[in-house]
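Asker: One structure is given below, represented as structure tokens, and several questions about it will come after.
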Amino acid sequence: SSGINAEWPLRPGTKGFPIDLHYQTVNEPAVISRLISTHSKSNGQVLKSKPRCLTKNQVALIEIKCERAICLELFKDSKSLGRITCRYGGNTIAAGMVIEIT
């Protein structure tokens, strides 16, 4: 699972939304497999569980599924290595932290 700050482009981010996951030098095709919750930017409080979509400037906890297995570090173990970027159509749409690896 990954906590991200989303800046979605033309259409809302939903389950099954295709992205390119960037981690250090790794660029891997992935999809959003689950939208877990949206959170308040100021205090991190859960605003909505199981949202239907993500829109611009939302903070959310999502699950991302990659096509292949990749090596990731948790944000709590290494702040610099625990960050990811999500891109779509050549634009960065979200940046976030690796919270859990399953």
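Asker: Kindly indicate whether any position in region 11-29 is at pLDDT below 90 and either β-branched (V, I, T) or assigned to a strand (DSSP E or B) (or both).
Answerer: yes
Asker: Write out, first by first residue and then by second, each pair whose Cβ atoms fall under 6 Å of each other, whose residues are 6+ apart or on separate chains, and whose first residue, in region 58-81, is under 14 Å from G96 (Cβ atoms) and of a type in the set (S, T, N, Q) while the second is open to solvent by 90 Å² or more (accessible area, probe 1.4 Å) and not in a strand (DSSP E or B).
Answerer: none
Asker: Would you be able to say whether some residue in region 85-93 is modelled with pLDDT under 90, exposed (fewer than 15 other Cβ atoms within 10 Å of the Cβ), assigned to a strand (DSSP E or B) and of a type outside the set (K, R)?
Answerer: yes
Asker: Related question: Scan region 46-72 residue by residue and report those that are farther than 17 Å from A30 by Cβ and either in contact with a His (Cβ under 6 Å, 6 or more places away or on another chain) or open to solvent by 70 Å² or more (accessible area, probe 1.4 Å) (or both). If you could, list the steps in order and put the result at the bottom.
Answerer: Initial filter on region 46-72 (farther than 17 Å from A30 by Cβ): 46-53, 55-59.
Once the filter is applied, which keeps residues that are farther than 17 Å from A30 by Cβ and either in contact with a His (Cβ under 6 Å, 6 or more places away or on another chain) or open to solvent by 70 Å² or more (accessible area, probe 1.4 Å) (or both), region 46-72 yields V46, L47, K48, S49, K50, R52, K56, N57, V59.
Asker: OK, next. Can you tell me which of G3, G96 is at pLDDT below 85, assigned to a strand (DSSP E or B) and either more than 13 Å from the chain's Cα centre (by Cα) or crowded, with 17+ Cβ neighbours inside 10 Å (or both)?
Answerer: On the way: G96 fails: at pLDDT below 85.
One residue alone meets the criteria, G3.
The values are calculated or read from the model by the stated rules, or taken from the named source; none is laboratory data. As the structure is a prediction and not an experimental result, all values here were calculated from the model. So basically every Cβ, Gly included, is an ideal-geometry build from the backbone, and we count neighbours across all protein chains shown. All accessible areas refer to the heavy atoms of the entire protein, side chains included, with ligands and DNA or RNA removed. Shrake-Rupley method; radii C 1.70, N 1.55, O 1.52, S 1.80 Å.
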